[in-house]
Structures are given as structure tokens and as C-alpha cells.
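The values are calculated or read from the model by the stated rules, or taken from the named source; none is laboratory data. Source: prediction; values computed, not measured. Glycine gets a Cβ as well: all are built from the backbone with ideal geometry, and neighbour counts include every protein chain shown. Note: accessible area is taken over every heavy atom of the protein model, side chains too, but ligands, DNA and RNA are not part of it. Shrake-Rupley method; radii C 1.70, N 1.55, O 1.52, S 1.80 Å.
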Amino acid sequence: MEQNLFEPIYREIFPFWNEISESDRELICRNSFAVNYHNGANIHSGEECSGVIFVRSGSLRLYMMSEDGKDITLYRLHSGDMCMLSASCVLRTITFDVFIDAEEDSECYVVSGSVFAELSSRNPQIRIFALETAVSRFSDVMWVMQQILFMSMDKRLAIFLLDESSRTGSDAITLTHEQIARYIGSAREVVSRMLKYFASEGIVEVSRKGVKIIDKNRLRKLTL
């Protein structure tokens, strides 16, 4: 049953799939499970080895948290994305704590972290894949840090709105001010104040449903 459910997907997403033995492929499938996370559910906390997560549908948020409870969004995962930072037992050089929450109802496939670690120790193809997947996400993390440290608030907000519009294919951003603030590492009051300014300039419309981009060209100019 597990082989029939997971193998067609894994054959597509794991470049090493045809390079490992049949017994190793079966082991991965036997130690995989499909799970549905409700909006707001915490999936991974700190250094625990939750496993390798593949997002079938929905959205997950990865973030770091300070001792006083403030958090910074590192990046978000959507359909087709994979997370290696949730498997600390695979990547032992990752020494910082990350947290993962479901941002909407999400369906995921999870591969046991201990099994994936065991297989990566004897299959260099799997180990290389794990490292490359993790490294590819560090560029996202560095981009977040660059924005927080060096960019003005209006530029950060404009970049986020344009990116979200591109991702969803819509000029209507159905997120609360609190969610936007969480994603860009700011305070809700600051986001609300900046959106009010954008609205006064005719760049966006703000309503209870979210934010609608009215003048995309002017919004793009703010990112330059």
C-alpha cells in the first residue's frame, strides 16, 4: 500500500530515486506517511527531528523565535516544496532551532527523519540531495536578513505585495495586517501605517478582505 501511494510521487521529486536499491526505496515508502495539518497547527518545534516534509497542498511557514517570543519568518513552503530543516538528524550541522506552522489547511508527505538519516549515511546521492536542498533555502534566509537589516519598510512591503501577487496570480492579497507583518518581520501597527500611506497615494486599496494592488507600476518603483 505504502509503495503504491508514495513511489509515483517520490520518483518525480527525488533525483536519486533510480540510483538507490529497491530495498532502500521500499524502506523510504514504508516509513512515510500522509498527514493533514489544520490551519495554525504547529508542525515542528526546535531541534526535534520531525522528518523530511513534502508539501502536497497548502502552505507552511518556517520561522525562528527569540527568547522573548518574537519571531522572524525565514520562508514559506507551498505545494511542491520540500523541507529538510525539519530533519535535524539528517543535517547535523544545522544547530539553530526552527519552527514550522501550517498557514492554511495543508496535506503533506513526511519521511521518517531517522530512516532518511540512515539511508543518507550509506547513499552519497541522498546525502548530496539533502545538503543541496538545505543550501538552496539559505539563499531565501539571507534575502530575508538583507531586507530586515538594509531595506526601508516601504520597499520591504512593496516587494512582499508584488511577490505575493505573482505567487497567487491575483492583485488581491487576502492576508491580514498581522500576517503580513509576521511574513516581513515587522509590527502590525507599522504595516497598517504603511498600507494606509500606500492607499492615500492610490497604490493599493485596503479593506477587511485584505489588500488590492491598484497601481502595480508605482508599487514596482518603490522596490528600486
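Model label sites at K209 and S21, defined 7 Å from Cα along the beta-carbon direction, differ in position by 5.8 nm. Distant-in-sequence amide contacts of V98, defined by a placed amide H-H separation under 5 Å and a gap of 5 or more residues or a different chain, comprise G46.
Projecting the Cα atoms of Y197, V211, A34 onto the charge dipole of the chain (Cβ charges, centred on the Cα centre) puts Y197 farthest toward the positive pole.
Hey, of (i) 1.37; (ii) 1.14; (iii) 1.20, which did the structure itself give for Cα Rg over 2.2 N^0.38 Å when calculated? Read-out taken from this structure: (ii). Solvent-accessible area per residue in the chain equals 52 Å², computed with a 1.4 angstrom probe and all protein chains kept. Backbone geometry of the stretch 57-70 corresponds, through the Karplus equation with coefficients 6.51, -1.76 and 1.60 at θ = phi - 60°, to 3J(HN,Hα) couplings of 7, x, 8, 10, 10, 9, 8, 10, 10, 7, 5, 8, x, 7 Hz, x marking Gly and Pro. For K196, the aspartates and glutamates whose Cα falls under 12 Å of its own Cα, not counting residues fewer than eight places away in the same chain, are D154, E205. Taking a sphere under 12 Å around the Cβ of A158 and counting the other residues whose Cβ falls inside, with K and R at +1 and D and E at -1, yields a net charge of +1.
Add -39500 (n - 2.57) for each DSSP H run of 4 or more in the chain, then divide by its residues: what number comes out at 222 nm, to the nearest 500 deg cm²/dmol?
Details: 8 runs with 102 residues, N = 224.
Here the helix-only value at 222 nm equals -14500 deg cm²/dmol.
Considered as an equivalent ellipsoid built on the Cα gyration tensor, the stretch 132-224 has semi-axes of 23, 14, 13 Å, the largest given first.
Taken about its Cα centre, the chain carries a charge dipole of roughly 920 debye when the Cβ of each Lys and Arg holds +1 and the Cβ of each Asp and Glu holds -1.
Taking every Cα-Cα distance in the stretch 1-130 and sorting them into 5 Å bins from zero, the calculated P(r) comes out as 2, 11, 21, 23, 19, 14, 7, 2, 1, 0 percent. Extending 7 Å from Cα along the Cβ direction at S45 and again at D140 yields two label points whose distance is 2.3 nm. Among the cysteines of the chain, those whose beta-carbon sits 4.7 Å or more from every other cysteine beta-carbon are C29, C83, C108.
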